[in-house]
Amino acid sequence: MKKSFRQKLRNMGPAAIITSAFIGPGTITTCTVAGVNFGYALLWAVVFSGIALVILMEMSARTTLATGMNLVDSSVAVAPNNVVWKWVVRAVFFLTVLAVCFAFQAGNEIGAANGLADIFSIPIPIAALIIGLFALGTTWLGSYKTLEVIMQVFVSLMGILFLITALVIRPDWGAVIKGIIPSLPEGSTVSALALIGTTMVGINLIVHSISCQEKYHSIDEMDDAKFDIGFNILIGVVITLSMLITSAAALYNTGTQVTSPLVFTQSLEPVLGSWARIIGDIGLTAAGLSSAVAVSYTMRSIYSRLFKWEGGSMSMPAKILGTVVIAFGTAFAMFSKTPTQIIVVAQAVSGFSLPFIAIALMIVANSKKLMGELRNKVLSNVVGIVAVAVTLFLGLRNVYNVLIQLF
């Protein structure tokens with residue numbers, strides 16, 4: 001039976017978690033840095049990553065509903081009797097998730113601590129400790145459903161605020177349209193990779209497959225999954241574009257130095273006036289908290305599947321792992337002297353790791369043995385290949401630039 005629009009809205013979930021997970025301090029700071037330094041020139045990176053993410057998440061949902069397995073298990077199932085393949089898959093997933101989660105957690109807690117410290121005029125180390133304890137409590141006591149509700153509310157509020165600001169600030173729409181055409185101004189490689197990495201997070205594809213496995217039970221629910229993906233990713237892309245547009249319109253060519261995640265609040269002043277700082281602080285704190293909780297959930301969910309821990313993400317080993325990543329992020333937030341650089345680097349790490357997860361997903365989605373008639377069509381493969389190629393090119397170019405500077 002065909003569902004109404006309202007019924008589809010009520011049945012959303014997995015993609016809402018993904019959208020709210022990537023709308024965090026990293027997105028706010030990365031968009032601010034890109035807008036301040038390059039104006040509208042890197043808008044194409046957000047549009048590209050949004051389109052590619054929809055295609056890849058559709059693959060993620062389809063492979064999960066068709067096989068009944070999450071991406072961790074289905075990747076191994078491509079060649080279940082090949083011991084080398086099994087360990088290669090597990091090693092790639094283990095290292096990728098480890099690097100991205102630890103990098104993201106540092107950025108998330110830094111952003112949340114800066115916002116909380118500014119609200120209450122308390123030292124950043126104290127604020128960081130409060131954030132860490134809150135995230136820790138959610139890790140040990142929280143649940144998937146609680147997280148889902150928090151994420152959906154947060155996405156709605158952030159979307160309204162930034163969309164209104166982007167419209168009221170009256171950007172140069174000609175320059176906005178020009179920014180959708182791909183270009184790489186000098187020195188923009190890290191920012192472009194970070195913008196892609198903050199939206200199209202490779203490990204989120206794994207989490208999406210796990211969430212779909214928990215929520216859906218039949219390929220007949222694929223239409224629900226597609227609606228969930230399209231609706232929520234559109235919101236996420238609009239929010240990200242709005243952040244970048246407002247930063248470019250308000251701060252480009254002003255000589256502003258982005259030394260703190262709080263700089264973005266200046267771009268909200270045309271709408272919020274003197275309230276911009278406090279509202280921005282609250283938004284940054286909420287973004288950091290929700291994303292910090294999401295990273296812990298992400299790491300626990302993936303590793304519990306990877307190592308087959310009984311009890312899943314709420315098993316004792318998973319909780320201990322979540323505690324370790326939160327402690328790491330809290331330490332960085334308490335003592336970091338370069339918060340903006342850490343946040344942007346975290347997004348770049350995410351962008352560089354994306355190809356490895358995307359390749360695993362495409363191998364599963366093209367497996368005739370696992371997918372049968374539901375395996376990838378030409379369009380999905382083309383978009384997937386382009387996503388892998390672009391992010392790998394930007395990542396390798398960034399590594400090359402770093403090596404040139406060192407030697």
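Keeping every protein chain present and rolling a 1.4 Å probe, give me the accessible area per residue for region 1-137 in Å².
On the way: 4900 Å² over 137 residues.
Per-residue accessible area for region 1-137 comes out at 36 Å².
Computed 3J(HN,Hα) for region 130-135, one whole-Hz value per residue from the Karplus formula 6.51 cos²θ - 1.76 cosθ + 1.60 where θ = phi - 60°, is 5, 4, x, 5, 5, 4, glycine and proline marked x. Sorted on the mean count of surrounding Cβ atoms within 10 Å across their residues, most packed first, peptides 305-315, 230-240 read 230-240, 305-315. From helices alone, the chain scores -26500 deg cm²/dmol at 222 nm; the rule is -39500 (n - 2.57) for each run of n ≥ 4 DSSP H residues, then divide by the residue total.
What order, most packed first, do the peptides 59-69, 85-95, 106-116 have when packing is the mean number of other Cβ atoms within 10 Å of each residue? Before the final figure, lay out each step's value.
Numbers: 59-69: 23.8, 85-95: 15.7, 106-116: 30.5.
Result, highest mean Cβ count within 10 Å first: 106-116, 59-69, 85-95.
For region 69-140, the fraction of 1.4 Å probe accessible surface lying on carbon and sulfur atoms is 78 percent. Partner lysines whose Cα lies under 28 Å from the Cα of Lys3, excluding those fewer than 8 positions away in the same chain, are identified as Lys145, Lys215, Lys226, Lys377. Between Ile119 and Phe393, the distance separating the two model label sites (each 7 Å from Cα on the Cα→Cβ line) works out to 4.2 nm.
Decide, for region 310-394, between rounded, prolate and oblate: order the square roots of the alpha carbon gyration tensor eigenvalues as a ≥ b ≥ c, take rounded if a/c falls under 1.5, and otherwise choose prolate if a/b is larger than b/c, else oblate. All intermediate terms of the calculation are to be shown ahead of the outcome.
Values: a/c = 5.42, a/b = 1.52, b/c = 3.56.
Oblate is the answer for region 310-394, as a/c is 1.5 or above yet b/c matches or exceeds a/b.
Surface composition of region 298-407: carbon plus sulfur atoms contribute 72% of the solvent-accessible area (1.4 Å probe, protein chains only, all chains present). Can you work out the PRE-style zone for Ile363? Point 7 Å along Cα to Cβ, and I want the residues of region 48-78 with backbone N under 14 Å. Label zone hits: 71-78. For Lys86, the lysines whose Cα falls under 19 Å of its own Cα, not counting residues fewer than eight places away in the same chain, are Lys308, Lys368, Lys369. Rounded to the nearest 0.05, the FRET efficiency derived from the C-beta distance between Ser183 and Leu379 at R0 = 22 Å is 0.30. Principal-axis analysis of the Cα atoms of the chain puts helix 43-67 at an angle of about 20° to the longest axis. Couplings 3J(HN,Hα) of region 381-396, computed from phi: 5, 4, 5, x, 5, 5, 4, 5, 5, 5, 5, 5, 4, 5, x, 5 Hz, in residue order, whole Hz [Karplus 6.51 cos²θ - 1.76 cosθ + 1.60, θ = phi - 60°; x for Gly and Pro]. Against the main long axis of the alpha-carbon atoms of the chain, helix 339-365 sits at an angle near 20°. Send over a whole-number figure in Å² for the accessible area per residue of region 207-291, probe 1.4 Å. That works out to 38 Å² for each residue.
Counting only aspartates and glutamates at least 8 places from Lys2 when in the same chain, those with an alpha carbon closer than 16 Å to its own are Asp220, Glu221, Asp223, Asp224, Asp228.
Residue separation of Trp87 and Lys8 scaled by 0.36 nm, minus their Cα-Cα distance, works out to 24.5 nm of gained length. If the segment from Phe134 to Ala327 were pulled out straight at 0.36 nm per residue, it would be longer than the present Cα-Cα gap by 68.3 nm.
A straight line joining the Cα centroids of region 8-73 and region 252-277 runs 25 Å. Near Asn366, the amide H atoms lying under 5 Å from its own belong to Asn376; only residues 5 or more places off or on other chains count, and H is placed 1.01 Å from N. Listed options for Cα extents along the principal axes in Å are [x] 65, 47, 38; [y] 71, 56, 42; [z] 59, 58, 46. The value calculated from this structure is the one marked [z]. The listed residues Ile245, Ile385 rank as Ile385, Ile245 when sorted by accessible area, largest first, using a 1.4 Å probe.
For region 165-207, the carbon plus sulfur part of the accessible surface works out to 64%, probe radius 1.4 Å.
The values are calculated or read from the model by the stated rules, or taken from the named source; none is laboratory data. Every value quoted in this text rests on a predicted model; they were computed, and no experiment measured them. Glycine gets a Cβ as well: all are built from the backbone with ideal geometry, and neighbour counts include every protein chain shown. Just so you know, the surface numbers come from the protein's heavy atoms only, side chains and all, with ligands and any DNA or RNA stripped out. Shrake-Rupley method; radii C 1.70, N 1.55, O 1.52, S 1.80 Å.
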